[in-house]
Amino acid sequence: MLPRVALSPPQLLRSMALSPSRHAAPVLTERCFVAELAGSELVYFTCWSGSGPPAPGGSVRPRGFLPRPGRCYSFCIDAAQSLRERVRAARLHKQLQQKLSQAPFGAGCQVLPLLSYCPTDAAAAPEKGFLVQVAQAAPETERSLEELLRLHLPAPAHLCVYQEAEDGQLWRALWRLKGAAEGKERLGRARVVTAPRPDRHPAASHLLDGAVFCSREAARRVLEECMALIPEAKAVLDLVDKCPDLPKKGDFPVIVIEGLDATGKTTVTQSLKDSLNAILLRSPPSCVSQWRKTFDDEPTLIRRAFYALTNYIVASEIAKESTKSPVIIDRYFHSTAAYAIATEISGKVSDLPPLHHPVYCWPKDLLKPDLVILLTVSPEERIRRLQGRGAEKTREEAELEVNSFFRQKVEESYRRMENPSCQLVDASRSREEVFENVLHQIKKHFPS
Ligand SMILES: Nc1nc2c(ncn2[C@@H]2O[C@H](COP(=O)(O)OP(=O)(O)OP(=O)(O)O)[C@@H](O)[C@H]2O)c(=O)[nH]1
Ligand SMILES: Nc1ncnc2c1ncn2[C@@H]1O[C@H](COP(=O)(O)OP(=O)(O)O)[C@@H](O)[C@H]1O
């Protein structure tokens, strides 16, 4: 069983918006929340226990929140401070996500990502949790949820229950779950109102070194913390530690081909290898393939640290090979960053961090290629090719297929990458035309 994560009552009471006294001027709670509803719609809300009308922006009941006549629950896992606690909290969140996708929660429950954040302090780490919408309020579902929290969260665990009152208002009750035998105690009740949409997605300021790693050391520290939990972490670190720091690129051209799966990277890179008499590398490299499934099943913090470190392993190969011949790479840092950003930033393209955000910048200690080409095809053409290829999909590839909003966020994140940015090539044409267009980009970049 995973270690427990401390949920201090003050953080919960703070999110309960217990105003100092019922007659004090009503204030919005310190904590606000954002949930990703179906269709990647984000709903921002907070709780209000003041007696007067809520402040502007906090007076409307958030829509799409509570299925009628159903019920809604939520809980968050405290944003731990130390890296060790962050690793354990991330794995606990992943474990709870898996439990909530199984019976007895499966069919009648919609489990939505929830983020709790402090609107007045962007530096305060957001807390990840879940909003569980239940189509038909049923005591056994509530009991199962309470049991899940009692089992995995530190005692006393806390659960928020949302209900519609006779006046049509949405109310949230905060319950402290004591031991199974002692039942539970209601700590307070507050109205749920919309919260002002922040200028930036609450997760944006915590992407760096939480999902997109901007240094080998930052990624390395995460896997070091995992060694006691994931045996393969040590094997990956041993490989990384054999790689020189800051390997230098050789004199031959280093060209990366990027793009969503089935855009034609494998086809183009193979043709480039033959026509340029180049060495073809891939990220992640084959030497870590056997551990990929293990890390693909881990939460973002750990999974992205793994992919980031594999880029440093490839970098040492690039340094070596580019002294002898041109090097073509199938995926590199831009794939790692684009998938991490699109996974961590809920909502749509408009919710991504703005252009020139540091998360789109190349890590200073990662060997930089001369040219990055992004293959783009229409969604329809991509699906056609995927079906034609019949390849086994990663979970993200499956997600790309069903969730066009996720795909659009990955694509847009690729396009926002800087230093180097991506040169776009329309890859929806014939293999020959696409190859000609890629060669044209390369000749433009390397005139001599
Ligand atoms: N290479 C790479 N893949 C990632 C990363 N993060 C997530 N992925 C997932 O891994 C899939 C691609 O894995 P690859 O090993 O490149 O397999 P592939 O056959 O080359 O993928 P495609 O050719 O694009 O279909 C992506 O579609 C993502 O679902 C990353 O940092 N690097
Ligand atoms: N320009 C193209 N036109 C039509 N089909 C293509 C083209 N390029 C690749 N394909 C086919 O599409 C599928 C995916 O191509 P692949 O090179 O494996 O993409 P990726 O490596 O990006 O996943 C393969 O079946 C491939 O034969």
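Considering all C-alpha pairs of the chain, those separated by over 32 Å amount to 44%. Peptides 136-146, 298-308, 154-164 ordered by packing proxy, namely the average of other Cβ atoms within 10 Å per residue, highest first: 298-308, 154-164, 136-146.
Projection of the Cα convex hull of the range 292-448, averaged over all directions and equal to a quarter of that hull's surface, yields 10.4 nm².
Mean-square fluctuations from a GNM of the chain, with a 10 angstrom spring cutoff on Cα atoms, peak among Leu174, Leu187, Leu153 at Leu187. Principal axis analysis of the Cα atoms in the range 143-243 yields extents of 65, 43, 17 Å, listed in decreasing size.
Antiparallel DSSP bridges in the chain: what percent, to the nearest 5? Percentage antiparallel, nearest 5: 70.
Under 16 Å of direct C-alpha separation, and excluding same-chain neighbours fewer than eight residues apart, Lys234 reaches these aspartates and glutamates: Glu217, Glu224, Glu225, Glu298. Candidates Tyr307, Leu149, Gln97 compared by Cα position along the dipole of the chain: farthest toward the positive end lies Leu149, with charges placed on Cβ.
Every number in this text was worked out from the coordinates using simple rules, so none of it is lab data. Keep in mind the model is a prediction, meaning the values are calculated, not measured. Because the Cβ atoms are built from the backbone with ideal geometry, glycine has one as well, and the counts that use them run over all protein chains shown.
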